[in-house]
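**Q** Quick one: structure below, then a few questions.
The values are calculated or read from the model by the stated rules, or taken from the named source; none is laboratory data. Note that the structure is predicted; figures quoted are calculated from it, not measured. Neighbour counts are summed over all protein chains in view; Cβ atoms, including those assigned to glycine, are modelled from backbone coordinates with ideal geometry.
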Amino acid sequence: MTNEIAHPLVEFPDVSATTDLVHIQATQAGAVTVTMNRPAKKNAFNDDLISALEEAFQTLKGAEGVRVVFIRGAGGTFSAGADLDWMRAAIERTESDNRADAFALARMLKELHDLPALTVALVDGGAFGGGVGLAAACDLAIATRDAKFSFSEARLGLIPAAISPYVIEAIGPRTARGLFATARVFDAAHAEKIGLVSELVDDAAGLTAAAHRIAGDILACGPDAVAECKRLVEDVSGRVIDHALMELTAHRIAAARVSAEGQEGVRAFLERRKPHWAQGE
């Protein structure tokens, strides 16, 4: 079995961001796979890869019909973090140049985080430094049992600043403090235990099967509802349960009930048929 998600993959018609560094493929139903393509460098980040990923996510955000986005690395490793040549160049840059460089990474991660479609990291081999941040910025992360993880920046006298908002959201501040400060390597079982990884599979074939299952789940759901579910979590998380929050949630469900998608979904359920968005699943 190949590493590609099930269903024949076709070039996504509205995507122009496919480059030598980032490949974008999709099913006609809208399950998209974004593959980092620097296998000789273990998909380590440099300026060019970060820029190509940002362009890919911007393109997917504006493309019609995108239902779920899978992120993976070519060659059996998700991402080794920062490219050595990139780090070497950073030593010679000014603080201002380094700030611009770091902001490019932060901007790329935010583009991924803000995609309205469900996003899923498919992690095999390893995810280190910025690679862990890329996985944490996704809504879900599936990993092979032999995958390794590390926030390795402190061993270089650095800090995982750009990725920290997504990692802390995923695993909590106390766990993040310990892993950031020690820079220790940990396995996939621990990554699942702390909430960094959602599910473990045995191998690359397991990643394929998990992607196929998740795609099937998402294609059965209303596209607008998926995007609104993600926005709901952002708007409700961390808030006090008071009258204002109750009003907000009541408004959201009421708006969903009278929306075209909500009306179609409920009618389809009552009529014991598939809604129009699930006809091709």
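**Q** Just one of the numbered conditions (1) of a type in the set (Val, Ile, Thr); (2) in contact (Cβ under 8 Å) with a residue 24 or more places away in the chain; (3) under 25 Å from residue 90 (Cα atoms) is not true of residue 159; which one?
**A** Just one mismatch for residue 159, condition (2).
**Q** Go through region 121-183 and tell me which helices (runs of 4 or more DSSP H), entirely inside it, have 1 or more residues that are within 18 Å of the chain's Cα centre (by Cα) and among the hydroxyl-bearing types (Ser, Thr, Tyr).
**A** Counting at least 1 such residues, we get 164-171.
**Q** Failed condition for residue 237, given (1) in the same structural domain as residue 66 (by TED's automatic domain parsing); (2) under 24 Å from residue 114 (Cα atoms); (3) of a type in the set (Gly, Ala, Ser), with all others met?
**A** With respect to (1) in the same structural domain as residue 66 (by TED's automatic domain parsing); (2) under 24 Å from residue 114 (Cα atoms); (3) of a type in the set (Gly, Ala, Ser), residue 237 is out only on (1).
**Q** What do you reckon, is residue 214 under 18 Å from residue 135 (Cβ atoms), of a type in the set (A, V, I, L, M), assigned by TED's automatic domain parsing to the domain that holds residue 134 and free of Cβ contacts under 8 Å to residues at least 12 places away in the same chain?
**A** no
Table: residues versus (1) modelled with pLDDT of 95 or more; (2) in a loop (DSSP other than H, G, I, E, B); (3) touching a Lys or Arg at 6+ places or on another chain (Cβ under 9 Å); (4) under 22 Å from residue 144 (Cα atoms).
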| position | (1), (2), (3), (4) |
| --- | --- |
| 32 | yes, no, yes, yes |
| 40 | no, no, no, yes |
| 52 | yes, no, no, no |
| 61 | no, no, no, no |
| 86 | no, no, no, no |
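**Q** Tell me which residues, restricted to region 104-120, are outside any helix (DSSP H, G or I) and of a type in the set (Gly, Ala, Ser).
**A** 117
**Q** Which is of a type outside the set (A, V, I, L, M, F, W, C) and farther than 28 Å from residue 142 by Cβ, of 213, 257?
**A** So the residue among 213, 257 that is of a type outside the set (A, V, I, L, M, F, W, C) and farther than 28 Å from residue 142 by Cβ is 257.
**Q** Follow-up. From the set of residues in region 244-273 that are surrounded by 14 or more Cβ atoms within 10 Å (Cβ to Cβ) and of a type in the set (D, E, K, R), which is farthest from the chain's Cα centre (by Cα)?
**A** 264
**Q** Okay, next question. Among the listed residues 74, 80, which satisfies the condition of being assigned by TED's automatic domain parsing to the domain that holds residue 126, over 25 Å from residue 221 (Cα atoms) and touching a His at 6+ places or on another chain (Cβ under 9 Å)?
**A** 74
**Q** Mind listing whichever residues of region 186-211 are part of a loop (DSSP other than H, G, I, E, B) and either among the basic types (Lys, Arg) or in contact (Cβ under 8 Å) with a residue 40 or more places away in the chain (or both)?
**A** 196, 197, 198, 202, 203
**Q** If you don't mind, there's one more thing I want to ask. Which pairs turn up if I take residues in region 93-121 that are farther than 30 Å from residue 224 by Cα and look for partners that are surrounded by 13 or more Cβ atoms within 10 Å (Cβ to Cβ) and modelled with pLDDT of 90 or more with beta carbon separation below 6 Å, at least 6 apart in sequence or on another chain?
**A** Matching pairs, first to second residue: 102/162.
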